[in-house]
Amino acid sequence: MKSEHASNYIFLLYGSIAGIPLLMILYVIFRLIGNGAAAFAAEALLVPAFFVFGILSFIEIFGHEESVPAASLLLKAEGAQYHEGTDSGKSVYLNVKKFNPAKGQFERFSYKVKITRFTSVLDALLTAKAKHDNTLSIRYSCRMGTCGSCGMVVNGKPVLACQTNALDSSKDGAVEIGPMQAHPLLKDLATNFDEFFEEHKSVDSTLYRRNRNEKYKARKVFDMDREEMEKFLPYSYCIMCGLCQDACPVSNSNGNFLGPQALAQVYRYHADKRDQKGTERLEEVDSLSGAWGCEFAGACSKACPKGVDPASAIQLLKSEIMKAKMAGKFKEGA
Ligand code: SF4
Ligand code: FES
């Protein structure tokens, strides 16, 4: 059976499966109410229904020419490129920059691994770890771009390894891989996020309500229209992967700078109409280590795998700070 006709065929098969009991029920009902002609018609329709069901069941059991995965059906239907996996077995070199504590310097280790069209850099590294070097340290968890733990530098750019295709990343058959720079190194490709998380915590990334009992005794629903929601929603997609921090030239040169992640979260909560912290939140980041430290390089937004756009959040924060100051809302001396 040709895969393009699969959906019509299944529709007919299920139609005949559902039709047979329905005709039987109609036949019994017509007999009970004494409508002989209608009962005869239902009985007559049962014969072709059984015939269609028999033929289609036979095709279903014996008639498949090929087994096509569901995903490929979808890709073919959409006219997308579908790779049957014929290029699996390609090899790439993973050139991993690892720190050698004995020598006090970084060294490049090269692992040759086989990949398919869809192998991620993370999976290629795990293959290298399993087959060549079980000391290779990599941090990861979800493998689906959600936990934010597999950040590393691939071909000079901070990326999520699980969301980066190994074949597409290979240049002349090699992928250059190293740890992120803005976070202290733990081992090999794993970096320490303690400071990054502390920065995030330092800016109160929570919704503030004056009445703290509300969460136990909610009295009302906070209605929000689309426009109000869109003010903060894009900034709430952050998975705390730290890629923006790694890409940011200011974070890399000024250890006091709060960084794009934390600042974007300040704006996320400030822009949320349910938040009641008001200008207090803005006062916390009205400094050179806060919003004014940003030089609007925009590298953070380019690196973000979730489209959070921290660069725009920081510029909006600056404008909110200025507006609050001009309106005299800042505390004396702030
Ligand atoms: S803003 Fe984007 S790049 Fe930065 S930590 Fe959040 S998800 Fe990662
Ligand atoms: S392993 Fe979770 S984001 Fe990559």
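The values are calculated or read from the model by the stated rules, or taken from the named source; none is laboratory data. From a predicted model like this one, the values you see are computed outputs, not experimental measurements. Virtual Cβ from ideal backbone geometry, glycine too; neighbours counted across all protein chains shown.
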Subset tally (residues that are of a type outside the set (Gly, Ala, Ser), part of a helix (DSSP H, G or I) and within 24 Å of residue 257 (Cα to Cα)) for the range 189-218: 8
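Residues that are more than 16 Å from ligand 1 (Cβ to nearest atom), under 23 Å from the mean Cα position of the chain (by Cα) and not acidic (Asp, Glu): does the range 189-199 have at least one?
If we filter the range 189-199 for residues that are more than 16 Å from ligand 1 (Cβ to nearest atom), which is where we start, we get 189-190.
Checking which are under 23 Å from the mean Cα position of the chain (by Cα) leaves us with 189-190.
Still in the running and not acidic (Asp, Glu): 189-190.
Yes, the range 189-199 has at least one match.
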Test result for residue 310, out of contact with any His (no Cβ under 6 Å at 6 or more places or on another chain) and within 16 Å of ligand 2 (Cβ to nearest atom): no
Residues within the range 137-150 that are more than 11 Å from residue 121 (Cβ to Cβ), within 6 Å of ligand 2 (Cβ to nearest atom) and in contact (Cβ under 8 Å) with a residue 12 or more places away in the chain, tallied: 7
Contacts under 6 angstrom Cβ, first residue in the range 220-248 being closer than 30 Å to residue 158 by Cα and away from ligand 2 (no atom under 14 Å from the Cβ), partner part of a helix (DSSP H, G or I) and basic (Lys, Arg), 6 or more apart: 232/268; 235/268; 236/268
Among (1) of a type in the set (A, V, I, L, M, F, W, C); (2) within 13 Å of ligand 2 (Cβ to nearest atom); (3) surrounded by fewer than 16 Cβ atoms within 10 Å (Cβ to Cβ); (4) outside any loop (DSSP other than H, G, I, E, B) - the single one residue 186 does not satisfy: (2)
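Does residue 221 count as surrounded by 19 or more Cβ atoms within 10 Å (Cβ to Cβ), outside the structural domain of residue 243 (by TED's automatic domain parsing) and of a type outside the set (Asp, Glu)? If you could, list the steps in order and put the result at the bottom.
Details: surrounded by 19 or more Cβ atoms within 10 Å (Cβ to Cβ): no; outside the structural domain of residue 243 (by TED's automatic domain parsing): yes; of a type outside the set (Asp, Glu): yes.
Answer is no for this residue.
Given the criteria part of a loop (DSSP other than H, G, I, E, B), more than 16 Å from ligand 1 (Cβ to nearest atom) and outside the structural domain of residue 146 (by TED's automatic domain parsing), does residue 306 qualify? Working first, answer last.
Numbers: part of a loop (DSSP other than H, G, I, E, B): yes; more than 16 Å from ligand 1 (Cβ to nearest atom): no; outside the structural domain of residue 146 (by TED's automatic domain parsing): yes.
Considered against the rule, which asks whether it is part of a loop (DSSP other than H, G, I, E, B), more than 16 Å from ligand 1 (Cβ to nearest atom) and outside the structural domain of residue 146 (by TED's automatic domain parsing), residue 306 comes out as no.
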Extreme residue, farthest from ligand 1 (Cβ to nearest atom), among residues of the range 151-178 that are without any contact (Cβ under 8 Å) to a residue 40 or more places away in the chain and assigned to a loop (DSSP other than H, G, I, E, B): 172
Tally of residues being in a helix (DSSP H, G or I), among the aliphatic types (A, V, I, L, M) and surrounded by fewer than 24 Cβ atoms within 10 Å (Cβ to Cβ) across the range 225-253: 3
